[in-house]
Amino acid sequence: MTKNRLIIFSLMLLMVFFTSFTGFTLAKKDGAKASSTSAEDKLVGVYITTDYIDSFDTEKYLSDHTDTIQDGVTLDYAESKEYNSRIYAIRTEDLEYDNEDPLKSYKIDFEFKGIDGFSYYLYDQVVPNVTTSISYVDPVISAANSSINVTTTDTGTKLTLIGNINTVSTGDFTCFYFNPVYQTADGELYLLPGTGMSTSGFTYGSSLSGGITEDSVFTQNGSTKNYSAEIKISVTFVRKPLQYTITEFNSNHELLTRYTYLPEEIPTDYTPDSSCSYLVVDCLYGSKNTDTVSERILYQPTDSSLTTRICREDGICLDKSTTLHWANQADNR
């Protein structure tokens, strides 16, 4: 099996500086091989962190370069990845097995314990006599601009993951690292430290993006098969919502009700008045060193939900969907 891995990072509007900051050292699985992946391993996703993951095997590197190492030597990513050790996810299982519905009571979860980050991958779950694909999408991945697609043909399989993270534009230093996640032939998941990108001074509406692409060729039952994975992650800088106001109107455009909410107070279900013909959602935005601005969105009985946004303390914003329960909703479809 051969692998040709290409890591691509691009920037829209502003310059991105690639970094390899020294971070914290994490425990590695006993006997873990240096970073080169095995022939049977396949790229299944990415684990996004805001801190650099340091799994560099300094002892092995010094041992291999005793005669050539010099003061002040700097390794690029291609040189250093050979000495990065795998970091395995901890596997938890519900061992109850239901013969009638094998997936009902049997579930495998993975967690990169001790590493704060955001998971985005599609892995194979193998239970007795059943193999199925399980996606794990962290809530920080915005559903509005994300997708998972698997294409299977006679010659192989292609996995495409597209994701977007919304973060508040504060003008402060921002850094994201894209750490590739692999699945082994026996079903384990592990990550390798990835390349990071950092910048400061980003403004509302600007964005940066990064990607990992890998192509593999292997032999299965005497036939040559291809496996490719393409992962594209973008980070979009947005304004911070301060409050939302929902106003209902009847068919004569007369105001019925008006409710104002903090972002975290928006209900998950909302039922307009029975005489409501449409509602208007006004959002007041504000962020560091900027004036407040507003945005207005119209919703009608043909809309089944409305979307708002909640921003965490770390600046990352999550989409929140509110289901709309209109009167005579079935007649509006």
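The values are calculated or read from the model by the stated rules, or taken from the named source; none is laboratory data. These numbers were taken from a predicted model, which means no experiment stands behind them. A quick note on method: Cβ atoms are made from the backbone with ideal geometry, for glycine too, and the neighbour counts reach across all protein chains shown.
For the stretch 268-275, does any single residue satisfy the condition of being touching a helix residue (DSSP H, G or I) at 6+ places or on another chain (Cβ under 8 Å) and surrounded by 12 or more Cβ atoms within 10 Å (Cβ to Cβ)? Scanning the stretch 268-275, I find no residue that is touching a helix residue (DSSP H, G or I) at 6+ places or on another chain (Cβ under 8 Å) and surrounded by 12 or more Cβ atoms within 10 Å (Cβ to Cβ), so the answer is no.
Residue count for the stretch 248-267 under the criterion of being under 20 Å from Leu318 (Cβ atoms) and surrounded by 13 or more Cβ atoms within 10 Å (Cβ to Cβ): the result is 3.
Among the residues here, Thr323 qualifies as at pLDDT 95 or above, farther than 30 Å from Gly194 by Cβ and not small (Gly, Ala, Ser). Considering the conditions (1) outside the structural domain of Ser142 (by TED's automatic domain parsing); (2) outside any loop (DSSP other than H, G, I, E, B); (3) surrounded by 14 or more Cβ atoms within 10 Å (Cβ to Cβ), Pro301 is excluded by exactly one of them, (2).
For Leu318, state whether it is surrounded by 14 or more Cβ atoms within 10 Å (Cβ to Cβ) and under 24 Å from Gly163 (Cα atoms). The answer is yes for Leu318.
Residues of the stretch 220-250 that are more than 30 Å from Asp291 (Cα to Cα) and of a type in the set (Phe, Trp, Tyr): Tyr227 alone. In this entry, Glu295 is excluded by the filter for residues that are out of contact with any strand residue (DSSP E or B) (no Cβ under 9 Å at 6 or more places or on another chain) and within 30 Å of Phe118 (Cβ to Cβ).
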